[in-house]
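A short write-up of the structure that comes next.
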Amino acid sequence: MKVSKVLATTSMAALGLSLFGGVGANASMTKDMHHSDKSSMNMSAMHKKDKSMHMMKMDGLTMNMHSAMPKGLKKDTHAKFHVGEKVILKADHMKGMKNAKATVAGVYKTKLYKIDFKPTNGSKEVKNHKWVVASELSAKGALKAGKAVTVKADHMYGMKGAKGKIVSVNKGPAYTVNFKDKKTGMNIKNHKWLVQSELKSE
């Protein structure tokens with residue numbers, strides 16, 4: 001009888017340990033799954049943010065966030081707004097831009113041109129694109145309204161090498177700005193270009 005009681009007690013203890021272990025394992029698995037779900041959510045958010053960075057649009061074309069500054073531009077130290085100055089953007093070149101707070105990143109002595117052009121990637125013709133500077137255009141003769149040009153700028157994909165024409169000319173200066181897009185929340189560095197009338201003091 002004593003042996004039977006000992007065996008029964010041992011069996012119950014083993015069963016209890018087994019059940020306890022199962023609960024612990026399930027808790028651990030649940031924790032791991034919860035952690036995995038959070039990681040997946042974080043990765044998904046990062047993917048969406050990364051995608052938005054590469055899908056910023058302007059005039060129907062995807063912006064090139066790594067567009068290089070043209071060489072040879074002269075700085076303008078006598079313009080109304082100066083490098084480092086806080087401003088409000090009046091321009092609406094793209095969604096999320098108008099009324100955004102910005103910092104002047106660069107000011108240059110150069111004329112700016114509003115242009116029409118046919119993108120090289122087959123997208124529909126862009127009308128009244130603002131702006132490109134003189135060194136971003138190639139043409140025979142003087143750059144003036146109505147002049148046929150080849151675009152050297154790469155502000156957006158499909159822009160570089162495009163054929164177009166000058167719509168109008170602005171005497172400058174040309175500004176680049178850093179600002180936070182009001183629609184996407186993305187910080188945009190050295191956005192090219194704005195004219196003086198498209199900025200106002202903060």
Hey, ASP50 hits all of (1) of a type in the set (Asp, Glu); (2) modelled with pLDDT of 90 or more; (3) outside the structural domain of ASN178 (by TED's automatic domain parsing) but one; which does it fall short on?
(2)
Any idea which of (1) surrounded by 14 or more Cβ atoms within 10 Å (Cβ to Cβ); (2) more than 17 Å from the chain's Cα centre (by Cα); (3) more than 17 Å from GLY161 (Cα to Cα) is the one LYS118 doesn't satisfy?
(3)
The lone exception for MET97 - which of (1) under 14 Å from the mean Cα position of the chain (by Cα); (2) closer than 17 Å to GLU202 by Cα; (3) free of Cβ contacts under 8 Å to residues at least 40 places away in the same chain it fails:
(3)
Got a sec? Which strands (runs of 3 or more DSSP E) wholly within the stretch 142-202 have at least 1 residues that are surrounded by 14 or more Cβ atoms within 10 Å (Cβ to Cβ), in contact (Cβ under 8 Å) with a residue 40 or more places away in the chain and not basic (Lys, Arg)?
163-170, 174-180, 187-195, 199-201
In the stretch 128-150, how many are at positive phi and small (Gly, Ala, Ser)?
2
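Residue by residue, here is whether (1) out of contact with any Lys or Arg (no Cβ under 9 Å at 6 or more places or on another chain); (2) within 19 Å of ALA100 (Cβ to Cβ); (3) not assigned by TED's automatic domain parsing to the domain that holds THR62 holds:
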| position | (1), (2), (3) |
| --- | --- |
| GLU136 | no, no, no |
| HIS155 | no, yes, no |
| LYS165 | no, no, no |
| ASN170 | no, no, no |
| ASN178 | no, yes, no |
| ASP181 | no, yes, no |
| THR184 | no, yes, no |
| LYS189 | yes, yes, no |
| GLN196 | no, yes, no |
If I go through the stretch 121-133 residue by residue, how many of them are closer than 28 Å to VAL87 by Cβ and either in contact with a His (Cβ under 9 Å, 6 or more places away or on another chain) or surrounded by fewer than 17 Cβ atoms within 10 Å (Cβ to Cβ) (or both)?
6
LYS124: more than 15 Å from MET69 (Cβ to Cβ) and under 26 Å from the mean Cα position of the chain (by Cα), yes or no?
yes
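The values are calculated or read from the model by the stated rules, or taken from the named source; none is laboratory data. Since we're looking at a predicted model, the values are computed, not measured. Every residue, glycine among them, receives a Cβ derived from its backbone with ideal geometry; neighbour counts consider all protein chains shown.
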